[in-house]
Amino acid sequence: MFFDDNDTIITFLKLLDMPDQERKTVLSEIIDPANSKFALSAVNWLRDLRAIGTLAVVDQDLLYTHTFTVKIGTLEDISILHEILVAGEYNIYINRPTVLLDIGMNVGISSLYFAAKQNILKVIGFEPVKETYGRAQRNVALNEGLGPKIQGENIGWGSVARTIEIDVSSERPGVAGIYGCRGFADLEKDNISKTTINIANADEIVRSARRQFDLVDPSIQIVAKIDCEGSEYEIIECLCTNGSINLLSSIIMEWHWIEKDTKQPSVLVELLSKSGYDVICRAPFSKSGMIYAFKK
């Protein structure tokens, strides 16, 4: 991982207060040129994050604390923190008891963010990549107050239960999916490897969750957050076809434009609209964007 030693961490933190030109020079000495643009953005994102939280170096780990604490291991971690805490992509306000299904848990940042929210009783996070799931579990363990609210599952969602092989980048595990490490020409090939993941049937998971929490309190709502690099089409189609989509009161979803299979957000909007949701689709002509769907 990028932040795997004290020297790199200290050097990167010094960049936060350097003039632009000096920052570019120092970055060129510690990072591959192909990643320089992303690294420069990460410096700016981390400056924003520092303004609303705290950074600390503990036992050669770079820790960030807001309403939760996580270990920053990669530049991608900074990007995800910025999307959630600064851009507010998941900043919904929950006014009744809720279970949150976090489909695409990644390293646990989103699960911890939701677990810290009022009225979220439980977060069930799903992450199919073993190494990424392990990092998520370690981040959850850093949060004694929130950890008991989070249940992790080392599986992905799909329309059919199966085992498949996918590409994974050690520096950007968040771009891994059934369509490969999509759309990032600057990914170093040396950091990409094959891994095997297990996919479970999405319909069965949602129905099982509904049965489980009906036994506790039938008024508990289930909300789904979905970010799984192209698998959202298969998942939403499966849930709509089998009717279990109706068991979800709201859906927060990052969509991805998949040119190979002509997958585009209008497909998701149509499926959700026909299932009785009011839908907001952001950036519909970009490569990716957000969908917010609320049951009428």
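Please treat every number below as a calculation from the coordinates, not as lab data. Just so it is clear, the model here is predicted, and its values are computed rather than measured. Don't worry about glycine lacking a Cβ; one is built from the backbone with ideal geometry, like all the others, and counts go over all protein chains shown.
Kindly identify the stretch 36-194 as rounded, prolate or oblate by the Cα gyration tensor criterion: order the square roots of the eigenvalues as a ≥ b ≥ c, call it rounded if a/c is under 1.5, otherwise compare a/b with b/c, prolate if a/b is larger, else oblate. Verdict is oblate for the stretch 36-194. I'd like the orientation of helix 6-15 relative to the chain: the angle between its Cα long axis and the longest Cα principal axis, in ° from 0 to 90, rounded to 10. On a 0 to 90 degree scale, this one is about 90.
Seen against the Cα atoms of the chain and their longest principal axis, helix 202-214 is set at about 70 degrees. Chymotrypsin sites (Phe, Trp or Tyr not before Pro), restricted to the stretch 247-286: which are DSSP loop and have at most 14 other Cβ atoms within 10 Å? Passing both the DSSP loop test and the Cβ count: 285.
Could you tell me whether the stretch 96-295 comes out rounded, prolate or oblate from its Cα gyration tensor? Rule is a ≥ b ≥ c as square roots of the eigenvalues, rounded for a/c under 1.5, then prolate if a/b exceeds b/c, otherwise oblate. Could the numbers behind the result be given before it?
Values: a/c = 1.66, a/b = 1.14, b/c = 1.46.
Taking the square roots of the gyration eigenvalues as a ≥ b ≥ c, the stretch 96-295 is oblate.
If you take the Cα centroid of the stretch 92-170 and the Cα centroid of the stretch 11-36, the two points sit 32 Å apart. In this simple spin-label approximation, residue 296 and residue 242 carry label points 7 Å from Cα along the Cα→Cβ vector, and these lie 2.6 nm apart. With neighbours defined as other Cβ atoms within 10 Å of a residue's Cβ, the residues 266, 170, 110 order from fewest to most as 266, 170, 110. For residue 270, neighbours were defined as the other residues whose beta-carbon sits under 14 Å from its Cβ, and their charges (Lys and Arg +1, Asp and Glu -1) total -1.
Show me the ranking of peptides 96-109, 48-61 by mean Cβ neighbours inside 10 Å, starting with the highest.
Highest-to-lowest ranking by the protection proxy: 96-109, 48-61.
Full extension of the segment from residue 161 to residue 32, taken as 0.36 nm per residue of separation minus the current Cα-Cα distance, would add 42.6 nm. Subtracting the Cα-Cα distance of residue 47 and residue 215 from 0.36 nm times their residue separation leaves 55.9 nm of extension gain.
State whether the stretch 255-296 is rounded, prolate or oblate according to the following rule on the C-alpha gyration tensor (a ≥ b ≥ c being the square roots of its eigenvalues): a/c under 1.5 gives rounded; otherwise a/b larger than b/c gives prolate, and the remaining case gives oblate. Cα axes put the stretch 255-296 in the oblate bin.
With a Förster radius of 25 Å, plug the Cβ-Cβ distance of residue 131 and residue 259 into 1/(1 + (r/R0)^6) and report the FRET value to the nearest 0.05. E between residue 131 and residue 259, to the nearest 0.05, is 0.30.
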